[in-house]
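Read-outs: derived from the displayed coordinates by stated rules, not from any lab. Please read these numbers as outputs of a predicted model, since none were measured by experiment. Glycine also receives a Cβ, built like all others from the backbone with ideal geometry; neighbour counts cover every protein chain displayed.
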Amino acid sequence: MTISELLSQYGEKYIQALLTTWQLTALSFAGALVIGIIITVMRVCPIKPLRIFGDLYVQIFRNIPGASLLIVLVYALPNLNIILSYYQCVLTATTMIPAAFCSEYLMSGIDAIGIGQIEAARSLGMTFGTMMRKVVIPQAVRFSVLPMTNLLIATMLTTSLASQVPLNPKDLTGLVSYINTRDVGGVTSFLISSIMYCGTAVIIGQIGSFIDKKVRIIR
Amino acid sequence: MNEQRTVRDALYEQPDAGTRKKITLVTVVSLFAIAVFMLYILKLFKDNGQFDEKYWSFFMRLTTWKFIGEGLLGTIEASLLAGVLALLIGFVFMVMRISFYKPLNMAGTALTEFTRGVPTLLFIYFFFLYVPKMGINLPSIWRVSLPVAISASGMVAEVLRSGVNAVPKGQREAALSIGMRETMVFTKIIFPQAIRYVIPALVSDLVIVVKDTTFSYIVNFPDLMQNAKVLISNYDALLSVYLMAAVIYVLINYFLNKVSVTLAKRGGMVPVVGR
Amino acid sequence: MNSEVNVTEKDSDKTIVELKHVEKYYGELHALKDINLQVKKGEVVVLIGPSGSGKSTLCRTINRLESINSGEILIEGKKLPEGGAELAGLRAEIGMVFQSFNLFAHKSILDNVCMGPVDVLHRPKEEVKKEAMELLKRVGVDSQAQKMPAQLSGGQQQRAAIARSLAMHPKVMLFDEPTSALDPEMIQEVLDVMIELANEGMTMIVVTHEMNFARRVADRVVFMADGAIVEENTPEEFFTAPKSERAKEFLESINRH
């Protein structure tokens, strides 16, 4: 198919697919941030069982392949009488996995601050709360800007898992597979999706490095 | 004395007696909560008959494990092939990117960014749905490994480039001053050192490759996931088999990450977190 | 030097820091063994000893960056609180200067100095700022006030860190090897600030390898080895005629270099 044929026939669907991918990405990323922060709080707290739980979560979800998790959610959970819609399954998978990485990045952000500054804060007489608010969190957030940017891009790539279940409207990958199983979409059909993915990634990357430059700590 | 302590341990004060009591209390409560959560899951399994012997007994058979083993072998084959290909393609991208010839340099950058910004699945569908229509028939392992490799190549190129940048400048100058030509400096001096710097990062990238090969089922290549599907149709045991497959994947990747961290520590480097 | 005059002034007999039978273990390692030490108001006590002798650990127990296993630590006669707001409040009155400066990396030098008074003591920002500038001037880094810590040399960072502690008007200042991480040419500028502080009558507990500083400034030298206090002496006597074998060996080993 030529590009004009493709666009006249599937143009609207591509826009819809782009929006679906964006929506999945945004929802997953927001969820991943929330879960990632909770898991991180568990991992740094002095309560042993919570620490172990947090570590276990991270080890499982950073190491499980997306497809494997999605298949468990879609096919295996109904056997436990837990029935999620396809969309919920995808969203769960694309949230749980980035959440593990989110926690890893936050942990290395906290580690990057160094024990010395924490001891200095304590020596000044700061309480735990003041120390967290004034010393730990502001720095951890700054250290996390670039990793979080990469995480957002990785989350977008992960949402292509949506193509593995019947969804309507389809995401960018699902749409290309749909077009090419019914039609001869040709290289162009792949290129359009690729450019949309890449374009999004570039924009995210630019915004991320812009923010990073603003808040970066000179070391 | 406290060199090994991380911020994780330093964040909280060394507890006094009162705090210790509170910590103990919360520990007990949290243990209880976790136990309740686990029991709930076990109850779900039980109520839905998932502990029935028929779902688990075939794991006692040697043939089952032989079949899983074959699948695992498929996964390892596809991963290794994809890993080697990604290294080759990534190397080419990296060389393009660090070349002084502007168009080549830009092409290298574009290719790196492109492969990093497009999901693996799109490459897989390209090789599954489009390439055969051009009359090219690749063996099924290549239909997984090639797209997975292409998808990883940009990442590998960046890792290699960071390694090349990490080699001290003096190395190049020293090599030039004993009369080496630029190409020789790169192949004999710079690159061998660069690769040593980035081995931990490459190992952790292998995790991503292993994960991506799970899409083998799309092209019918018999990897672990594909063989799991066959087991399921034989024994009608969805949950147990898929869980087992997931556990095996997690263990493989956990092991690879551990190797990466160990290598990084031995080399005195900061361990890497993949995606 | 007017040490004669100072000594009589300093003997105001008010004990600021007192350690009684302090013991500390790191697992198997007996890090502090039956430590007894008194520091009076205005006194400068220098802790020296080979590395691993426990002098840093001892210094860090005084504001409970390290907990102890048994014994007592008294600050102005009151037992060192074990935690909570009380401990935080007490730490606000004890200055601490670290080997690696530990300035807050995300704050300017001025903000580093202001942070304690503003966020811990809740004093008005404007007033604190003025005072902070004066302190920075006193330690000679006022021209760097708006810069970030990483933009300063090690010596400047350490002087700023001293100003940060001084801003809290501490009753006593702990120095944990303040010059060990510095390039040789920067050591003196930090020592000069410390000497000035000592001359002004600040109560100081200093862990250091700078023997000249100890000789010149210390009212008392405390020599530690293997977690125990081996010898307490005046600097003159310690450096010329040490009482203990261990101290003799130690002094010989450093004089060989």
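What pairs from A:K170/B:K258; A:K170/B:K229; B:K102/B:K169; B:K21/C:K41 go past 32 Å between their alpha carbons? Kindly include the intermediate steps, with their values, before the conclusion.
On the way: A:K170/B:K258 37 Å; A:K170/B:K229 25 Å; B:K102/B:K169 22 Å; B:K21/C:K41 36 Å.
Distance filter (> 32 Å) returns A:K170/B:K258; B:K21/C:K41.
Report the gain in length on full extension from B:K169 to B:I136: 0.36 nm times residue separation, minus Cα-Cα distance, nm rounded to one decimal. Mind showing how you got there, number by number?
Values: separation 33, 0.36 × 33 = 11.88 nm, distance 4.55 nm.
Full-extension gain reported as 7.3 nm.
Candidate cross-link partners of A:K213 among the lysines, defined by an alpha-carbon separation under 23 Å and a same-chain spacing of 8 or more, comprise A:K134, C:K107, C:K147. Compute a Gaussian network model of chain A, connecting alpha carbons closer than 10 Å, and tell me which residue from A:M96, A:M126, A:M196 fluctuates the most. Ranking A:M96, A:M126, A:M196 by mean-square fluctuation puts A:M126 first.
Here the stretch A:54-95 has an Rg and Dmax of 10.7, 29 Å, counting Cα atoms alone. Taking the Cα atoms of the stretch C:1-131, the ratio Rg/Rh between the radius of gyration and the Kirkwood radius comes to 1.01.
For chain A, the membrane-span-like helix rule (DSSP H, alpha carbon extent of at least 20 Å along the helix axis, mean Kyte-Doolittle at least 0.5) picks out A:3-44, A:86-113, A:137-158, A:186-215; this says nothing about an actual membrane. Residue-normalised convex hull volume from the C-alpha trace of the stretch B:128-209: 116 Å³ per residue.
Pairs C:K14/C:K171; C:K40/C:K243; A:K48/B:K211: which are spaced more than 19 Å apart, C-alpha to C-alpha?
Details: C:K14/C:K171 12 Å; C:K40/C:K243 23 Å; A:K48/B:K211 30 Å.
Long pairs (Cα-Cα over 19 Å): C:K40/C:K243; A:K48/B:K211.
For chain B, the longest principal axis of the Cα atoms and the long axis of helix B:17-47 meet at an angle of about 80 degrees. The value obtained for the protein assembly as shown, namely the Cα convex hull volume divided by the number of residues, is 214 Å³ per residue. Excluding same-chain neighbours fewer than eight residues apart, the lysines reachable from B:K43 by a Cα-Cα span under 22 Å are B:K54. In units of the rule-of-thumb radius 2.2 N^0.38 Å, the stretch B:65-265 shows an alpha carbon radius of gyration of 1.19.
Legend: Rg and Dmax of the stretch C:92-183, from Cα coordinates, 12.0, 37 Å. Just so you know, the Rg over Rh for the stretch A:21-126 is 1.11, from Cα atoms, with Rh as the Kirkwood radius.
Before rounding to the nearest 500, sum -39500 (n - 2.57) across all DSSP H runs of length at least 4 in the protein assembly as shown and divide by the residue total; then give [θ] at 222 nm in deg cm²/dmol. Don't jump to the answer; show the numbers that get you there.
Values: 31 runs with 467 residues, N = 751.
Helix contribution divided over all residues of the protein assembly as shown: -20500 deg cm²/dmol.
Rg over Rh for chain C works out to 0.96, both radii taken from alpha-carbon positions and Rh defined as the Kirkwood radius. Rounded to the nearest 10 degrees, the inclination of helix C:184-199 to the longest alpha-carbon principal axis of chain C is 90 degrees.
Of all lysines in the structure, those lying under 20 Å Cα to Cα from C:K248, and not within fewer than 8 positions of it along the same chain, are C:K55. In a DSSP loop and with at most 14 other Cβ atoms within 10 Å, the trypsin sites (Lys or Arg not before Pro) in the stretch B:166-258 are B:R181.
Principal-axis analysis of the Cα atoms of chain C puts helix C:125-139 at an angle of about 50° to the longest axis. Share of pairwise Cα-Cα distances greater than 31 Å in chain A is 34 percent (whole percent).
Equivalent ellipsoid semi-axes for the stretch A:69-141, as square roots of 5 times the alpha carbon gyration tensor eigenvalues: give them largest first, rounded to whole Å. Could the numbers behind the result be given before it?
On the way: eigenvalues 349, 27, 16 Å².
Gyration-tensor ellipsoid for the stretch A:69-141: 42, 12, 9 Å.
Loop-resident GluC sites (Glu not before Pro) (DSSP state other than H, G, I, E or B) in the stretch C:58-123 with no more than 16 further Cβ atoms inside 10 Å of their Cβ: C:E76, C:E93.
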